[in-house]
Each structure stands twice: as C-alpha cells, then as structure tokens.
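J.: Below is one structure. I have some questions about it.
The values are calculated or read from the model by the stated rules, or taken from the named source; none is laboratory data. Because the structure is a prediction, the values reported are computed rather than measured. For neighbour counting, all protein chains shown are included, and Cβ atoms are generated from backbone atoms with ideal geometry for every residue, glycine included. Remember, those area values only see protein heavy atoms, side chains included, never the ligands or the DNA or RNA. Shrake-Rupley method; radii C 1.70, N 1.55, O 1.52, S 1.80 Å.
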Amino acid sequence: MARNREGLLLLLDVGPSMHGVLPQVEKLCSMLVQKKLIYGKNDEVGIVLFGTEDTRNELSTQLGGYENIVVLRDIKVVDGDLIENLTRIPRGTVAGDFLDAIVVGMDMLIKKYGETNKGKKRMCLITNALCPIKDSDAGTKEDQVGLIAMRMAALGMKMENIVVRGSLSGNANQRIMNENDLLLDLFSKKSSVKTIYVDSPTALLGAIKTRNISPVTIFRGDLEISPNMKIKVWVYKKTAEEKFPTLKKYSDKAPPTDKFATHEVKVDYEYKSVEDTSKVVPPEQRIKGYRYGPHVVPISSAEWEAVKFKPEKSVKLLGFTDASNILRHYYMKDVNVLIAEPGKPRAMIAVSALARAMKEMNKVAILRCVWRQGQQSVVVGVLTPNVSEKDNIPDSFFFNVLPFAEDVREFQFPSFSNFPISWQPNEQQQEAADNLVKMLDLAPSDKGETLQPEFTPNPVLELELIVDVVYDCQRFFHHLELKSKHPDAPVPPLDETLKKITEPDLELLAENKSIVDAFRRQFELKENPKLKKSTRRLLQEKPSGSDERNGDDNVSDALAVNSIESKPVTKVEKIGDLTPIQDFEAMMSRRDNPDWVGKAIEDMKKKIFNLVENSNKGDDYSKAVELFVALRKGCILEQEPKQFNEFLRRICKFCQEKNLGSFCDLLASKELSLVTKSEAIDSDVTDDEARSFFVKREPKYED
C-alpha cells in the first residue's frame, strides 16, 4: 500500500431498526466515495452489511457462525461501481450484531494487508446499537471487546463508530442500549476508536471522515521558556480551511485516437521590448521593479536577497497575560496544536504542568514563532491551555496567530447609548428582540446543540461560485459523478439535508410565528420614497417665518437621503463646489482612516464660512443653510457636538461684528440652534440654552 493510500471498510447496519435512516446513510457513503475519487483515487474501500437475511462472508464459511452478515463488496480501489452499490443498499430483515461485523471486518483487513501498513487501515461502523449482542462462549462480552481492541491496536487499525440516536433511532430498549454503549466505550478506551453519537440527518452528514489527511508537523524543536529552560515540542495544524477542488484547463485538440494524450494546457509567457515589440527579452535581461510614486525602481535578485529578513527557526515565550485580554476576534488564520514531543516523558510532564498552571490562573502565553529555517515571516500568537479530561490523552496547547498593528482595522462607530432617546429602542422593542434571539438559540439549555462544528459540513464549502453556477460541495461531487457517465446531465437539485444548513428552519419559524410577528410589529419598515424636488427648492419654498419643526426635519432628512443616493463610487478626499453635501457625506462615511471625519467637518466649516463672508447681499445664505443642516446632522451622528456648537458661536459672533445679522436670523427661523445633550451625549448644552441662543438682546443707549 502506498504511503497515502488508505484501506477503508464500511460496516453498515441494515436491520429493520435502521430502515428509516438508511437513505441518509446512502447519501453519506456516496459522498465519501465521490470525494475519494477526487482526493484519494488510489484508496481502497469495501462494504460489509449486517442485519441481512442472507449470510455471505469467509469467516462464516470457514468457521461457522457470523450469521446475517454479507460482504457486499470486497476491498478494492474506488470506482464508479462502488457508488452504484451504495445508492441501492439492500434492507435487512433481522437484528444486526455489530460485534460480529467488526470481527468480519478485521479478518478482511488482515487478509488484504497483513500486519503491515499500520495506521492506514480503517473501519467505519454505522449503526444505532439498539439490538442485543450475542453471548460469547469464550468469556463475557466485555472480555471479547477487550481481545478485539488489543488485536486492533497491535495491527494499527483505526475505527470510527457512528451511532444514530435521538429522533432517528425511534423506540429502543434502554437496557440493551446502555449495554451496547458500554461496549463501544470500551473500544474507545483500549484502542484507536472514536465513537460519535448523532441525532439528526445534518449531523450524520458531517460525522464521517471523508478525507484521510496525514498529520504533518509544521515545527519540531524547543519551546524556549528562558535561555536556560527549553521544552521539546511538536506543532501540528488543528484546523485548516478546506479548499474547493481545483479546476484545470482541458484541451480537446489531441486526436481522438491518441490513447496517451494528457489533454493538458501549458501556458508560456514572452516579454517583449517596448521600443521593438518584435524583440523578445530573455530572462537574464529582465529585472523586477517596484513603483515608488511616479517612478519604477529596479531591484535585482541579489539586492532583494540582501534586504530579506532571515530570522532563525524558533518558538520563544514572550510572556503571560490574562485570558480576558486576548479577545476572540483577534484570532487570525488557522489553529495549531502544540504537544510535547512523543517519547519524551519529561517534556510531557513540563507541558502538562505549564498547561494546568495557566488554566488554574486563567492565563495565556504570548509566543514569537518562526516555524522553518529561512522563513521570512514571523508570527506572534497566543498559546491557550488545553487540559485533557481523559487519562490516555496528554495535555496540550492551542496556538492562534495574533495581528500586528498593520493588520488591525479600526472602524469608528458611535454607541447606541449616545444617540437621542427617540433613536433608542423602547422596552417593548427590546423585549421583542430578546425573544427573537432566544427563539433562534442554537444551543438551548433544554436541548442539544444544533449545527455542531465537528458534525456540520463547512458552510464555506457548501456554496461555491463556479462559472456563474452555484454548487454546494456535495452537489459538485455528485454532479461530477453524473457527468462522468452522462456528459449532458443537469445540475442536481439541492439536497434536503443540506438545506438544513443553508436555509432557516421552517418548522422552527412556524412554531414561533407569534414571536416573529411581534418583532415585525415593533420594527415596522417603511419605504423611503425618492424625493423629486431638490433640497434647495425645499428650503426656498418653506416660509422664512414658519415655526413648524416637522418641516425642518423633512428638509434635513431630504438632504441626507439625497446625499446617500448620489454618493459617488470613488473615494472623496475634499469638499468641492459642485456637490458639497454629497462630498461631505462621503468623507464622513469613510472608515479607512479615522482622520476623515475631522477633515470633513473642518472642510465644511470653511465652505460655510466662505459662503457667508463672500455673499452678495445674502444671495448665498440659502446654500449656507443647506450646508449647516448637513453639518449639524453629521456632527450628531459622529458624536462631535462640541465642534458644531463652537462653530455656530463663532460664525454668529462674526456676523454681529460684520453686520451680517440677517444670516443669524435665517438660522433662527430654521431652528438650527446648538446641539443639546439630549441629541448627543457629549454635548454640554441644555435644551433651555439652545432655545435661548438666538434670543436677541435689546440694544443699550447711553445718555
């Protein structure tokens, strides 16, 4: 057997108690084989059914016993016929004995591979474990399990037990179920056996290990606690993003009679001179360049090597900190697991002592890591203790990469608590939102967790955009299998089980319709109609002496809506003369740098001041008022009330000094006063102060 080739034997319970779940088992096993045809085309797979009416296996023929067990397919390289076998699994008529099936599976693996290829032989048992196990003539059932487990460990065999329970198992004898669970637990304790309990078709779909990925270390060396203390450790990848199968270019130019044609497409690039496009520039005359402003700076390979940062391979402890200081959203990239070097008892003791001390003190460690010699990148990450609950599994650590300052994206968003009371939810709205969140809780206290990560296919892989056609991973593999036989086969529909992952639970929504309706009533959505009139006309048509507050609100809202609707796609860096309000809104909404808010406010102040100062008999006052409305609303949204209030005081003082009081009168008529504390929490202006700001004082005359 090749290094990465796996021998897998599927042990499937087809007894009457499993009939209801067998369609999901067929889909699960078909998905496994479809993936192997892509990722492990040299893997070998066999199928054993137990709970059948017939008996067809070598052990029964040679030794007798082992009844109601049928070898549906011997262990052979995966092919399309295997998928056909799995889509039509025969239903059994008698109770199945999973212990006999395991013995038959072991016998098949031993006869196929002998005692070699340890770690590459695997059995997958799928059953509900609800049927009684036959008594043994050579001791108790526990003794029999112990002997089988010892033999499996000696031969390097692995096994996965997928036990179907919950709503999928129906009525069961509790005594028999507990006895079988005890036997399966003994397997887990005495050999490389993993037992998984599933209670839904979705969990069943994600329970089986569809790809055999050999663990490969990314680091083997010392964890340097100090210059005088080092621990021998290995680092593996714990999680990694599963990539979609790579689509390759295919050429049909080869003659149909050429049996050895690879149909590969090779791409060659030629670099030609700008002065003479017919002249090809050879590699030795080419050099890389980097843009620096309007120039291109050439950098030779020797210069590039000279400036490269070449740190030494190492994993060093920088210090410890409280676990609460490292927030979950700081984690980047994949997760690694750090373990003591196998076969080093002192290293295991040191790692265990360190992990347990950190766990007890609620601390995490900060490490500086260079995984390979010559690696240019250095990562700084957090080491979190993982204290094992099982005696046969040693303690370890999880490692997550942390961001550097350049990796952090800071976006400024005002707190809801800083908004006016009228913008904040009332008690009824808050209660409706609380009930909606509780209804959609994936881990309620009275039920098991839904969509557990270890049992749920990766949502990223479920939907992929390939040539403008949406596939899910399972559909893609199924589609490949169909097209291999029928080139014109259409894309299969989305499986109902996968809809449980990608779509809301319709049953849950129907059961809690009253909660959804209550939330909808509390947060009624209304369409904001497009305003045909320009904001300038809205301001001009409103009587100057009107004291209707609602009209002003509509004007400001219209300005905001118009500015958002006409917001340019390109990034605005200054306020122009053509569309100043739109430019202001665009600059205020930029989050690539926190300085844009301050710059937008300052530019708007200058624009307003210039309009007022250079106005000819007040002809630009109406435009200045429009800008004032936008500035006031923007300062409230971004919690900058002091800047607006200081500017309003300054411009009113300027108008009094320059005898431009008519502009202040226009502001007063529009009730564009100071921003109060009820509108923005950072303001120090009361409502009474804002109302009395534009109250004119009677001039004093001297005798």
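J.: Please turn the phi angles of the stretch 283-295 into ³J(HN,Hα) values with the Karplus equation 6.51 cos²θ - 1.76 cosθ + 1.60 (θ = phi - 60°), one per residue in order, whole Hz, x for glycine and proline.
T.: Karplus values, whole Hz, x for Gly and Pro: x, 5, 9, 9, 8, 6, x, 10, 6, 9, x, x, 9.
J.: Keeping all protein chains in place, calculate the accessible area per residue for the stretch 6-207 (probe 1.4 angstrom), answer in Å².
T.: Dividing the accessible area of the stretch 6-207 by its residue count gives 40 Å².
J.: Using 0.36 nm per residue, how much length does the chain from Asn616 to Asn42 gain when fully extended, once their Cα-Cα distance is taken away?
T.: 198.0 nm
J.: Treating each Cα of the stretch 580-692 as an identical point scatterer and ignoring solvent, apply the Debye formula and state log10 I(q)/I(0) at q = 0.13, 0.14, 0.16, 0.20 Å⁻¹.
T.: Rounded to two decimals, the profile gives -0.48, -0.55, -0.72, -1.09.
J.: I want to make sure I understand the PRE zone here: with the label point 7 angstrom from the Cα of Lys248 toward its beta carbon, which residues in the stretch 41-80 have backbone N atoms less than 18 Å away?
T.: The answer is 41-43, whose backbone nitrogens lie closer than 18 Å to the label point.
J.: Also, I was wondering about something else. Using unit Cβ charges (K, R positive; D, E negative) and no other charged atoms, how large, in debye to the nearest 20, is the dipole of the stretch 294-344 about its Cα centre?
T.: Roughly 100 debye, rounded to the nearest 20.
J.: Here's something else I'd like to know. Along the stretch 297-314, what does the Karplus equation 6.51 cos²θ - 1.76 cosθ + 1.60 (θ = phi - 60°) give for ³J(HN,Hα), rounded to whole Hz, x for Gly and Pro?
T.: Karplus-based 3J(HN,Hα) across the stretch 297-314 equals 9, x, 10, 6, 5, 5, 5, 5, 5, 5, 8, 5, 8, 10, x, 7, 4, 5 Hz.
J.: Here is the link list: Lys266/Lys500; Lys35/Lys359; Lys35/Lys111; Lys308/Lys359; Lys363/Lys499. Which ones come out longer than 32 Å on Cα distance? Numbers along the way, then the final one.
T.: Numbers: Lys266/Lys500 42 Å; Lys35/Lys359 40 Å; Lys35/Lys111 26 Å; Lys308/Lys359 39 Å; Lys363/Lys499 41 Å.
Result: Lys266/Lys500; Lys35/Lys359; Lys308/Lys359; Lys363/Lys499 exceed 32 Å.
J.: Tell me the carbon and sulfur percent of the accessible area for the stretch 580-692, rounded to whole percent, probe radius 1.4 Å.
T.: The nonpolar share, carbon plus sulfur, comes to 46 percent.
J.: Taking a cut-off of 24 Å between Cα atoms, list the lysines near Lys313, but don't count ones fewer than 8 places away on the same chain.
T.: Lys230, Lys232, Lys237, Lys238, Lys333, Lys344
J.: Counting other Cβ atoms within 10 Å, keep those with at most 14, restrict to DSSP loop, and tell me which chymotrypsin sites (Phe, Trp or Tyr not before Pro) in the stretch 224-313 are left. Numbers along the way, then the final one.
T.: Values: sites: Trp234, Tyr236, Tyr250, Phe260, Tyr269, Tyr271, Tyr290, Tyr292, Trp304, Phe309; in loops: Tyr250, Phe260, Tyr269, Tyr271, Phe309.
When the chymotrypsin sites (Phe, Trp or Tyr not before Pro) of the stretch 224-313 are filtered for loop state and at most 14 Cβ neighbours within 10 Å, Tyr250, Phe260, Tyr269, Tyr271, Phe309 remain.
J.: Follow-up question, since we're still on this one. Using amide H atoms built in the peptide plane, which far-off residues or other-chain residues are under 5 Å from Val335 H to H?
T.: Residues meeting the amide H criterion: Lys238, Thr239.
J.: With the cut-off at 1.5 for a/c, could you classify the stretch 6-207 from its C-alpha gyration tensor as rounded, prolate or oblate? Walk me through the numbers before you get to the answer.
T.: On the way: a/c = 1.35, a/b = 1.07, b/c = 1.26.
Note, shape of the stretch 6-207 comes out rounded.
J.: Show the residues, 5+ positions off or on another chain, whose built amide H is closer than 5 Å to the amide H of Leu9.
T.: HN-HN under 5 Å from Leu9: Gly46, Arg122, Met123, Cys124.
J.: Would you mind working out the accessible area per residue for the stretch 210-303, using a 1.4 Å probe, and quoting it in Å²?
T.: Heavy-atom accessible area per residue stands at 88 Å².
J.: Which whole-number value in Å² is the accessible area per residue of the stretch 580-692, probe 1.4 Å? Walk me through the numbers on the way to the answer.
T.: Values: 5090 Å² over 113 residues.
Ligands and nucleic acids excluded, the result is 45 Å² per residue.
J.: Given R₀ = 45 Å, what would the calculated FRET efficiency be for Ser422 paired with Val491, taking r from the Cβ atoms and rounding to 0.05?
T.: In this case the efficiency is close to 0.35.
J.: Which percent, nearest 5, of DSSP beta bridges in the stretch 6-207 are antiparallel?
T.: Roughly 20 percent of the DSSP beta bridges within the stretch 6-207 come out antiparallel.
J.: Next question. Please work out the FRET efficiency for the pair Arg151 and His295, using the Cβ-Cβ distance as r and a Förster radius of 60 Å; give the result to the nearest 0.05.
T.: Details: r = 73 Å, r/R0 = 1.21.
Taking R0 as 60 Å, the efficiency between Arg151 and His295 is 0.25.
J.: So which lysines can Lys574 reach, going by Cα to Cα under 21 Å and dropping same-chain residues fewer than 8 places off?
T.: In chain and number order, the partners are Lys599, Lys605, Lys606, Lys607, Lys623, Lys633.
J.: Another one. Taking just the alpha carbons, could you work out the radius of gyration and Dmax for the stretch 1-105, both in angstroms?
T.: Every Cα atom of the stretch 1-105 included, Rg and Dmax give 13.8, 40 Å.
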